[in-house]
Amino acid sequence: MKRFLDILLSALALLVLSMPMLLIALLIRWDSPGGALFVQRRVGRHLVPFDIYKFRTMHHRRADEIDPLVEGVIDSEHARITRIGRVLRATSLDELPQLLNVLKGDMSLVGPRPVLIEQVEAVPARYLNRFSVRPGLTGLAQVRGRRSLGWLQQLELDCHYAERVSIGLDLRLMLATVHVVLTLKDIYGSTDQNWRQYRNGRCRHDVEESK
């Protein structure tokens, strides 16, 4: 049933949003050099990698010019983010192309957010259960604090969802997501407890305590 709803709702959303998505793509191309879409390798269900689609929100650079282990998206007062990109990120419109990922089966409408390949090393063993379900466009962590949450808090909520997944919970989270997006809550958070801190060992004690 969950997969059936993913296919049905993502197909309908793509049909309804096709013209707005085309307009967004044109605005991105007008605002800064580079393509409208951004493709990135992420890790999904059962730790299987896949390509995620997003609207480009940052100034175009080659993949070999970016080191995700040390360079955050919002470093230097959002210096990497374009003018249109700031609006897209604030409203989560940059995530709309992931409806294609949902339709393909890489993702679900609701589930833990797909992580970077580099982030897997920062996931303690007790939280690997988050990879037992398809990653989602939105999820429990996104409605309970979004980017204001620390890395381990996000993982805890991801596992909570994976252990209790149901159609009823998905519907409640989709409704809650609308409220979060419309109120522009928790768009950016502190980097003190992000995944890079854990991966680099700066919060090693917390990671060991969580195992």
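Cα extents for the stretch 113-187 along the principal axes, largest to smallest and rounded to whole angstrom: 33, 27, 17. Ordering Met58, Met1, Met174, Met19 by accessible surface, largest first, gives Met1, Met19, Met174, Met58; the 1.4 Å probe counts only protein heavy atoms, with every chain in place. Return, ordered by residue number, the residues of the stretch 136-154 whose backbone nitrogen is under 11 Å from a label point located 7 Å along Cα→Cβ of Arg164. Within reach of a label on Arg164: 140.
In the complete set of protein chains, residue-level accessible area for His60 is approximately 120 Å², probe 1.4 angstrom.
Close amide H pairs (under 5 Å, H built 1.01 Å from N) link Val115 with Val43, residues at least 5 positions away or on another chain.
The values are calculated or read from the model by the stated rules, or taken from the named source; none is laboratory data. This structure is a prediction, so every number in the text was calculated from the model and none was measured. Please note: Cβ atoms are built from the backbone with ideal geometry, for glycine as well, and neighbour counts cover all protein chains shown. We work out accessible area using only protein heavy atoms, side chains counted, and drop any ligands, DNA or RNA first. Shrake-Rupley method; radii C 1.70, N 1.55, O 1.52, S 1.80 Å.
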